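The values are calculated or read from the model by the stated rules, or taken from the named source; none is laboratory data. These figures come from a predicted structure and were not determined experimentally. Glycine also receives a Cβ, built like all others from the backbone with ideal geometry; neighbour counts cover every protein chain displayed.
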Amino acid sequence: MKLAIAGKGGAGKTSITGTLARIIARRGRRVLAIDNDLNPNLSLTLGIPAERMSDLPTFPAEIVRLNEDGVYRLAMSLAQICGICSVPAPDGVSLLVAGEPRTATGCQGATHMAVRGVIGAAPPGEGDVCIVDLEASTEHLLVATAGHADAMYAVVEPYGKSLETGRRVAALARKLGLPRVGLIANKVRDEHELGSVAAYAERHGIELVGAVPYDECFREADLAACAPLDQDPDAPAMHAIGDLATRLVGGGGPAAEHSAGRVTAPLPARG
Ligand SMILES: Nc1ncnc2c1ncn2[C@@H]1O[C@H](COP(=O)(O)OP(=O)(O)O)[C@@H](O)[C@H]1O
Ligand SMILES: [Mg+2]
């Protein structure tokens with residue numbers, strides 16, 4: 001299963017992607033996490049020590065080649081790519097960091113096409129999960145990168161511009177023909193905010209696949225330069241992301257079914 005996580009900058013894509021990846025891996029899946037942000041920081045959310053962030057390997061320049069038809073294509077197998085630049089993260093997650101364009105032309109499109117190729121090459125099926133933290137990029141890049149995903153989810157905060165971005169992402173994902181598209185509400189402070197995201201989703205015919213409460217554990221993790229899941233594994237947001245994982249890929253091992261139902265979030269009391 002191949003999941004792309006998109007949304008406006010600051011919405012919480014990286015926080016949710018990294019935590020989801022670890023929770024899914026703890027449940028017995030093989031997880032490949034891909035950081036497709038030019039300013040990569042998924043490693044930290046995955047629990048890789050902050051001091052390693054600056055020298056993590058990124059995609060090699062030879063990962064793609066420019067074909068005669070003018071299109072970049074993957075020039076290596078996934079096994080070769082992982083052999084060169086995958087980084088082991090806690091709970092058995094493997095991390096690939098796309099990084100800055102390093103092709104001769106320095107073209108960012110080449111990096112996005114490499115990510116697209118890697119998603120395409122990732123194993124299909126329920127046992128393996130590939131999860132991509134997409135940069136808050138312009139629409140054509142989103143199209144280029146996420147074309148081979150099975151699902152695209154937009155992380156949205158409960159306010160207008162963030163929701164609008166989510167709607168645009170969902171429209172694009174549908175245009176791409178991705179089988180599953182939805183919104184993940186993040187930083188939800190109360191039932192009223194959850195209700196407003198749910199109403200927006202319903203109005204635009206987009207599935208609301210989960211909700212994560214506003215949680216101080218993220219700020220504490222930021223300050224301590226550690227993963228939110230290590231900072232406070234029992235925080236309400238960690239439980240909410242656990243529920244989200246169940247809804248996105250099922251609860252247990254490879255045979256688990258998708259779960260469905262109304263989205264609820266363990267919300268802190270208002271006040
Ligand atoms: N549910 C949440 N509650 C509180 N703070 C959050 C939550 N999710 C993310 N954050 C914080 O919001 C900021 C942006 O999150 P990040 O995951 O980096 O966003 P993005 O990858 O979409 O740019 C970070 O400081 C992060 O700690
Ligand atoms: Mg990010």
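Whenever a residue of the range 4-22 is in contact (Cβ under 8 Å) with a residue 12 or more places away in the chain and within 19 Å of Met238 (Cβ to Cβ), its partners that are more than 9 Å from ligand 2 (Cβ to nearest atom) and in a loop (DSSP other than H, G, I, E, B), lying with C-beta atoms within less than 7 angstrom and at least six residues away or across chains, give the pairs Ala11/Glu157; Gly18/Ala227; Ala21/Val93; Arg22/Gly47; Arg22/Val93.
Only one entry of Val143, Val132, Val118 meets the criterion of being within 13 Å of Ala6 (Cβ to Cβ) and in contact (Cβ under 8 Å) with a residue 60 or more places away in the chain, and that entry is Val132.
Listed conditions (1) β-branched (Val, Ile, Thr); (2) in a helix (DSSP H, G or I); (3) at pLDDT below 95 are all met by Val263, apart from (2). In the range 157-164, the count of residues that are touching a residue at least 12 places away in the same chain (Cβ under 8 Å), touching a helix residue (DSSP H, G or I) at 6+ places or on another chain (Cβ under 9 Å) and away from ligand 1 (no atom under 12 Å from the Cβ) is one or more. Every condition in (1) within 30 Å of Met53 (Cβ to Cβ); (2) surrounded by fewer than 17 Cβ atoms within 10 Å (Cβ to Cβ); (3) of a type in the set (A, V, I, L, M) is met by Ile184 except one, and the failing one is (2).
Restricting attention to the range 70-80 and to residues that are touching a strand residue (DSSP E or B) at 6+ places or on another chain (Cβ under 7 Å) and hydrophobic (A, V, I, L, M, F, W, C), the residue that is surrounded by the fewest Cβ atoms within 10 Å (Cβ to Cβ) turns out to be Ala75. Confirm whether Gly7 is near ligand 2 (Cβ under 10 Å from one of its atoms), under 17 Å from Pro88 (Cβ atoms) and surrounded by 22 or more Cβ atoms within 10 Å (Cβ to Cβ). For Gly7, the condition - near ligand 2 (Cβ under 10 Å from one of its atoms), under 17 Å from Pro88 (Cβ atoms) and surrounded by 22 or more Cβ atoms within 10 Å (Cβ to Cβ) - is not met.
Are any of the residues in the range 48-62 in contact (Cβ under 8 Å) with a residue 60 or more places away in the chain, more than 16 Å from ligand 1 (Cβ to nearest atom) and buried (at least 16 other Cβ atoms within 10 Å of the Cβ)? No, because not a single residue in the range 48-62 is in contact (Cβ under 8 Å) with a residue 60 or more places away in the chain, more than 16 Å from ligand 1 (Cβ to nearest atom) and buried (at least 16 other Cβ atoms within 10 Å of the Cβ). Residues in the range 22-47 that are more than 17 Å from Asp91 (Cβ to Cβ) and surrounded by 23 or more Cβ atoms within 10 Å (Cβ to Cβ): Asn36 alone. Only one of the listed residues (Arg116, Arg27, Arg65, Arg102) is at pLDDT 95 or above and away from ligand 2 (no atom under 16 Å from the Cβ). That residue is Arg27.
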